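Report on the structure given below.
Quick note: the coordinates plus some simple rules give every number you see, no bench work behind them. Not measured: the values here are computed from a predicted model. We place every Cβ from the backbone using ideal geometry, glycine too, and count neighbours over all the protein chains shown.
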Amino acid sequence: MLPSDQKTVERIVKESGSSFYWGMRCLPEFKRRAMFSIYAFCRVVDDIADEKSTKLSKKKQISLWVNKIHNLYKYKDQKTSLLRELRKSIDRFNLEKNDFLSIIKGMQMDINENILFPETSKLKLYCERVAVAVGFLSIDIFQIKKKFGKKYAYSLGMAFQLTNIVRDFKEDLEIKRCYIPKEKLEKFRIKKKLDKLENDPKIQKVLQEILKEAHSYFKKSDDLAKKISKSKIIAPEIMKLFYKKIHKKMWQKKIDFEKKVKLNFFDKILIMLEFLIR
């Protein structure tokens with residue numbers, strides 16, 4: 001039977017329904033436990049940014065997490081299951097405090113300004129905070145050497161997040177957000193009006209450009225993966241297959257905004273079989 005803290009954190013990951021769960025399940029128990037703690041942390045702070053409450057309430061909650069992260073590195077004794085599991089992960093894998101704080105800063109960007117048509121440089125910063133920083137924490141757990149590990153994590157994080165932006169385009173509009181850079185809208189002469197955006201036929205071209213960028217990052221990660229021990233990147237490579245499948249369902253196709261792209265049970269089984277026989 002799993003210890004109660006471990007069970008609590010694993011439940012958060014399971015209930016998220018994320019494809020990441022499948023990749024993490026393939027890790028040795030001690031690494032899986034650490035990855036679950038990181039993903040559960042990401043899930044909790046992301047839920048704060050997305051919840052339907054006042055901006056003031058969200059700011060207070062996310063600020064508390066800044067304090068919690070600082071305290072994680074000061075005190076061994078922690079009050080909640082998630083914090084205790086995070087502390088174990090930090091101690092075992094020497095995780096960087098700044099990576100946790102970077103993830104929180106990404107959520108603060110969502111809370112403070114409800115991101116709308118950012119400049120390309122701001123979108124890049126956002127992706128680095130909410131996705132790449134997770135990758136940097138992960139490579140420490142996978143015990144990948146920094147030389148190629150950080151480049152690999154960067155490419156994967158950017159590929160995943162850009163794919164997410166296209167997949168979640170409609171959902172983001174509904175909560176008054178849009179991560180499409182203003183430069184892309186200006187390039188195709190699309191008006192920055194949330195209520196008109198999804199019905200503009202040219203938006204499909206913009207989303208395909210973003211998917212093209214994601215495709216490029218996937219390719220970079222493939223090249224870097226050849227320079228890293230295969231045994232150390234089993235989990236991220238499985239996660240990448242899941243994301244590539246999501247990407248493929250939208251790449252060079254007209255995206256139906258009424259049907260969010262998801263992987264069904266058979267997609268997941270086929271991906272796992274593909275990984276096992278390759």
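Going from the alpha-carbon gyration tensor of the range 64-133, what semi-axes, largest first and in whole Å, does one get by taking the root of 5 times each eigenvalue?
In descending order, the three semi-axes are 28, 13, 8 Å.
Starting from the coordinates of the alpha-carbon atoms of the chain, obtain the Kirkwood hydrodynamic radius over all distinct pairs and give the value in Å to one decimal.
Value: 19.6 Å, from the Cα pair sum.
Let me know the charge dipole size of the chain about its Cα centre in debye, to the nearest 20, where only the beta-carbon of Lys, Arg (+1) and Asp, Glu (-1) is charged.
Charge dipole of the chain: 540 debye, to the nearest 20.
By counting other Cβ atoms within 10 Å of each Cβ, how are THR8, THR54, THR80 ranked from fewest to most? If you can, show how the numbers build up before the last one.
Details: THR8 16, THR54 9, THR80 12.
Ranked by crowding around the Cβ, least crowded first: THR54, THR80, THR8.
Give or take rounding to whole Å, what are the principal axis extents of the alpha carbon atoms in the range 118-227, in descending order?
Largest to smallest, the principal-axis extents are 47, 24, 21 Å.
Could you put SER89, SER4, SER16 in order, starting from the residue whose Cβ has the fewest other Cβ atoms within 10 Å? Walk me through the numbers on the way to the answer.
Numbers: SER89 25, SER4 10, SER16 16.
The most exposed by this proxy come first: SER4, SER16, SER89.
Give the average over all directions of the projected area of the C-alpha convex hull of the range 193-241, one decimal, in nm².
Numbers: hull surface 18.3 nm².
Orientation-averaged projected area of the Cα hull: 4.6 nm².
Given a cut-off of 23 Å, name the pairs among LYS52/LYS150; LYS170/LYS202; LYS150/LYS182; LYS122/LYS230; LYS58/LYS88 whose C-alpha atoms lie farther apart than that in the structure shown.
LYS52/LYS150; LYS150/LYS182; LYS122/LYS230; LYS58/LYS88
Within 10 Å, count the other beta carbons around each residue, average over each peptide in 174-187, 207-220, and list them highest first.
Those peptides, ordered most packed to least, come out 207-220, 174-187.
Over the alpha-carbon set of the range 231-278, divide Rg by the Kirkwood Rh and report the Rg/Rh ratio to two decimals.
Over the Cα atoms of the range 231-278, Rg/Rh equals 1.04.
Which whole-number percent gives the relative contact order of the range 169-278, counting Cα pairs below 8 Å spaced six or more residues apart?
24
Which log10 I(q)/I(0) values does the range 1-113 give at q = 0.10, 0.14 Å⁻¹ under the Debye formula, counting every alpha carbon as one identical point scatterer?
-0.29, -0.57
Give the long-range amide H neighbours of LEU116: residues separated by 5 or more places, or on another chain, with amide H under 5 Å away, using H modelled in the peptide plane at 1.01 Å from N.
CYS178
Can you work out the PRE-style zone for ARG92? Point 7 Å along Cα to Cβ, and I want the residues of the range 28-47 with backbone N under 20 Å.
Residues 28-44 fall inside that zone.
Tell me, in nm to one decimal, what length is gained between LYS259 and PHE30 on full extension, where the rule is 0.36 nm per residue of separation less the Cα-Cα distance?
The span from LYS259 to PHE30 would gain 78.7 nm if fully extended.
Using the beta-carbon distance between THR8 and THR120 and R0 = 41 Å, what value does 1/(1 + (r/R0)^6) give for FRET efficiency, to the nearest 0.05?
The computed FRET efficiency comes out at 0.55.
Sorted from fewest to most neighbouring beta carbons within 10 Å, what does the list LYS151, LYS60, LYS31 look like?
The order, fewest Cβ neighbours first, is LYS60, LYS151, LYS31.
Work out how much length ASP77 to LYS193 would gain on full extension: take 0.36 nm times their residue separation and subtract the Cα-Cα distance, in nm to one decimal.
Extending this stretch completely gives an extra 36.8 nm.
Percent relative contact order of the chain, based on C-alpha pairs within less than 8 angstrom and at least six residues apart?
On the way: 305 pairs, mean separation 52.4, N = 278.
This gives 19 percent for the chain.
On full extension of the chain, what length is gained from LYS232 through LYS146, given 0.36 nm per residue of separation minus the C-alpha to C-alpha distance?
Extra length from LYS232 to LYS146 when fully extended: 29.7 nm.
Over the range 97-145, what is the mean sequence separation of C-alpha contacts under 8 Å (at least six apart), divided by residue count, expressed as relative contact order in percent? Display every interim value, and only then the final one.
Values: 25 pairs, mean separation 26.2, N = 49.
So the answer I get is 53 percent.
Among the GluC sites (Glu not before Pro) within the range 33-127, which fall in a DSSP loop and have no more than 13 other Cβ atoms within 10 Å of their own Cβ?
In loop regions of the range 33-127 (DSSP not H, G, I, E or B), the sparsely surrounded GluC sites (Glu not before Pro) are GLU51, GLU119.
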